[in-house]
1. For residue 179, enumerate residues with amide H under 5 Å from its amide H, sequence gap 5+ or separate chain, H modeled in the peptide plane.
2. Pull out the extension gain between residue 44 and residue 183, defined as 0.36 nm times the separation in residues minus the alpha carbon to alpha carbon distance; nm, one decimal.
3. Under the rule of -39500 (n - 2.57) per DSSP H run of 4 or more residues, summed and divided by the residues of the chain, what mean residue ellipticity at 222 nm is obtained, to the nearest 500 deg cm²/dmol?
4. Would you mind calculating the gained length between residue 226 and residue 68 on full extension (0.36 nm times residue separation, minus the Cα-Cα distance), in nm to one decimal?
5. Would you list 53, 85 from fewest to most Cβ contacts within 10 Å?
6. Enumerate the amide H contacts of residue 210 below 5 Å, restricted to partners 5 or more residues apart or on another chain; note that Pro and chain-start residues carry no placed amide H.
7. In the stretch 150-270, how many lysine pairs have Cα atoms under 13 Å apart, counting only pairs 8 or more places apart or on different chains?
8. Please report, in cubic angstrom per residue, the volume enclosed by the convex hull of the alpha-carbon atoms of the stretch 59-171.
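Each reported figure results from applying straightforward, stated rules to the coordinates on display, with no laboratory input. Only a predicted model underlies this, so the values are computations on that prediction, with no experimental measurement involved. Cβ sites come from the backbone with ideal geometry, for glycine too, and all protein chains shown count toward neighbours.
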Amino acid sequence: MRRFYSCLLFLSLVTLSCNTGNLKVVANISSDLMEVSAVETTSNSDLIWVIEDSGNRNNLYGLDPNGSIAKSIAIGNSKNMDWEDLTSDSEGNLYIGDFGNNSKKRETFNIYKVNNLASVEDKVDAETITFKLPKSIKPKNFEAFFLLDDNFYVFSKDDKKATVVSVPNLTGKHIAKFVTEFNLEGKKNSITSADISADHKTIVLLNHNKLWKLTDFDEDNFFEGSINTLFFDHTSQKEGICFKNNDTVVITDEYDGMEGGNIYEFSLER
């Protein structure tokens, strides 16, 4: 990924003239992708990978340093009911979280696994991990997840009290396990994307104008450690976050008229 980000340096100097607060603009996303809902990097690719959410094609898009579409991969055995987030593992496999549920009527959710993403050309069938919620949990809208110790941790999108469930990284059908409920205090604190650092010491939860940095947690007791709120001084429909390294994250937002549709970097060292 070092080559990718060095190529972005020139473009960042051009685009920084807009008022984006603490966010560093590194590229404009292709205008063909108006509703980017997630971003992820993988260990075996120099591209930044994105998806769009419900109503759009069931494609993975690899973006080059200019934010242009360098690769488009159709997931042949899936439907984009509401793709909301991406995560990956150390072996270069990519996972698509199809678990958006704005109507709160959906009962079955899917995670699609694309094996060895770098070797895929333009179409692939994915492995499918399907889950339902336990009967004790009311229907939820999910937009964020990450992979830790062979389990996915999936976060509901709620303005106040939110829910975390876990799902094993195993192809087949599962009942999700309740992990915890949490309240980040205040209104409009819904989580739109999440990621965990490669050293598993830091979690980031994304919101439209800020992120929460979680550290010093033990196992899956994520909210019993330190929680720091980092503001962007900029508000937009930010839907994707992933780690560039242990101290810096990459963020994407959707197009909104003449604004948004960018790839940003944001330092966690504040």
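1. For residue 179, the qualifying residues are 164, 165, 166.
2. The span from residue 44 to residue 183 would gain 46.4 nm if fully extended.
3. -1500 deg cm²/dmol
4. Between residue 226 and residue 68, full extension yields 53.1 nm more.
5. Lowest to highest Cβ neighbour count: 53, 85.
6. Under 5 Å from the amide H of residue 210: 232.
7. Close lysine pairs found across the stretch 150-270: 10.
8. Looking at the stretch 59-171, the number lands at 124 Å³ per residue.
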